[in-house]
1. Which of the strands (runs of 3 or more DSSP E) contained wholly in segment 346-409 include at least 1 residues that are within 27 Å of N296 (Cβ to Cβ), in the same structural domain as I287 (by TED's automatic domain parsing) and under 21 Å from the mean Cα position of the chain (by Cα)?
2. Go through segment 372-410 and count every residue that is under 21 Å from S227 (Cβ atoms) and among the charged types (D, E, K, R).
3. I'd like the residue in segment 97-113 that is modelled with pLDDT under 80 and in a helix (DSSP H, G or I) and, out of all such residues, is nearest to Q168 (Cα to Cα).
4. If you go through segment 316-323 one residue at a time, do you hit one that is assigned to a loop (DSSP other than H, G, I, E, B), polar (S, T, N, Q), more than 26 Å from L243 (Cβ to Cβ) and within 31 Å of the chain's Cα centre (by Cα)?
5. Working carefully through the options V417, V339, V378, V399, find the one that is of a type in the set (A, V, I, L, M, F, W, C), in contact (Cβ under 8 Å) with a residue 12 or more places away in the chain and within 20 Å of G316 (Cα to Cα).
6. Can you find, within segment 223-249, the residue that is farthest from the chain's Cα centre (by Cα) among those that are charged (D, E, K, R) and under 30 Å from P323 (Cβ atoms)?
7. Yes or no: D94 in a helix (DSSP H, G or I), in the same structural domain as V178 (by TED's automatic domain parsing) and at pLDDT 85 or above?
8. For segment 366-397, which residues satisfy the criterion of being among the hydroxyl-bearing types (S, T, Y) and either at pLDDT below 90 or more than 23 Å from E431 (Cα to Cα) (or both)?
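The values are calculated or read from the model by the stated rules, or taken from the named source; none is laboratory data. From a predicted model like this one, the values you see are computed outputs, not experimental measurements. Neighbour counts are summed over all protein chains in view; Cβ atoms, including those assigned to glycine, are modelled from backbone coordinates with ideal geometry.
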Amino acid sequence: MSAALTKLLTTLATQGIKKAAPQARRSIPVPKKEGLSSLKNIDKDLPEYKKGLSSVKIDDKLYEDVLKREDGKPVIIYRGSKIYEETPKKEVKDILAGKSRKGYATFLSDNPHMSQTYMGKDFDTGENTGVLTPHLIKPKKIIEYDEKKKFLKDRGNFDKFEFDRQAQKLGKGEVLVVRDTVDTGPTYIKKPGIDPKDDPRYSSYSSDIYATRDSDILVSPFQESISKPLGIGVDEKLLDGKLLKNYNEQDFNILENLVNQGKASAGTKAANKLINAPIDQGKEVGIRLNLNSKINDAPENVKPMLQTIHNKNARGSALSYQPFATVVRTKDKKVQFYVSPKGREQIAKGEKSKFPAMSVNGAYEPNLKILPTDDDIVEIGFNPKAHHLFIDLKTGQAVKEADAATVIGDRVYAKNVTYFRKSKSPKPEAESQVRYKYKKKGGSVIQRNPNPYEAKAI
């Protein structure tokens, strides 16, 4: 994400939650023009402690795909989330990036005060116990929610359960939105003997509420920074996800059936005899794409080539040729993404057109197939002309190891991936477009954000 957008969103977040949001009277909607739902006349509309945001200069090009209001300014939406001392670091990272729990949508509001009611409260102190995260949004399709229950619609309310049911059906890039509705939020809980109007911890707000199941369309200040080649951050050209192929189980089955029907060639008569040759489970192998092979009648979206399964690594003898193959870690060693520096250099400089310079190495597992729809999966690729290491195709960051990996076509789907630290990675012998997730010791760019959230200090 651009530095300007990061600065804007981070400023909104850190300034906006240093003090408790001003409370609305119960059931009295907060007018939108008094909230943070628009950047127009921003100093005029903001509370005193949020002044100064108009000094953030924004280039229109930086958010040309972002959802905007009629005045051309971006819509800023907020997510309130509970975070506790024991919350795992990965879950915190996912929350900050706008990811939802499995089986749930992510819900956001253009009124930060409404979203704040979902942050959780310590009812002994009245303090918030979670985080409020701001986002911009790049939807492919907006679906307007229509409240069918007239008595709710007339009161400016909506059926949360029906909204959630519809949100569960959202597809890639789709956003469901309900307009100008009052949501009491989970902190609106009556205590015996206390009139909610006398207790600022109980309140409700009017806002537009958004739901999505695709966190990739949310822009967050906690996403990693865009960087130049060999820098710490992400490759801006990959952020749109156009290189992701997301092969599904049907693609795997089609290739497997075509090979079983004899519609594949491994390149030579001798090699053809090894098509689908069995390999012992657990044998140490290296998998790489066979550029001399061809799978006839394969669909256009799939690379119509076989995988060569070598003994130990890319330099070993060929044991079998298969449409896809999986390797897993052993007790002592993870799956390795191997690249020969010299071989890659020769390909990158045009000295050789192909060379067994790279492979995915591990223990052969014929009974496992990893799909991109599985949990915690990274889609990985390798282009020797552009990269000296295997990369995460969503970020361009160099990957080192994994617990398991399935290779199909020119893609690898890997589980529990480990990334290279720049200080510990092999240096390129030719120009490389690789980026890195880490520099030395410590966390990623996300964790080193100059304005991080301190979950317990809100």
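1. Working: elements: 358-364, 377-381, 399-402, 404-408.
Those strands (runs of 3 or more DSSP E) span 377-381, 404-408.
2. Number of matching residues: 5.
3. A97
4. So far as segment 316-323 goes, no, none of its residues is assigned to a loop (DSSP other than H, G, I, E, B), polar (S, T, N, Q), more than 26 Å from L243 (Cβ to Cβ) and within 31 Å of the chain's Cα centre (by Cα).
5. So the residue among V417, V339, V378, V399 that is of a type in the set (A, V, I, L, M, F, W, C), in contact (Cβ under 8 Å) with a residue 12 or more places away in the chain and within 20 Å of G316 (Cα to Cα) is V339.
6. Going through the qualifying residues, I end up with E249.
7. Here the answer is no, as D94 does not meet what is asked.
8. Here is the first cut: in segment 366-397, the ones among the hydroxyl-bearing types (S, T, Y) are 373, 395.
Within segment 366-397, just T373 meets the criteria.
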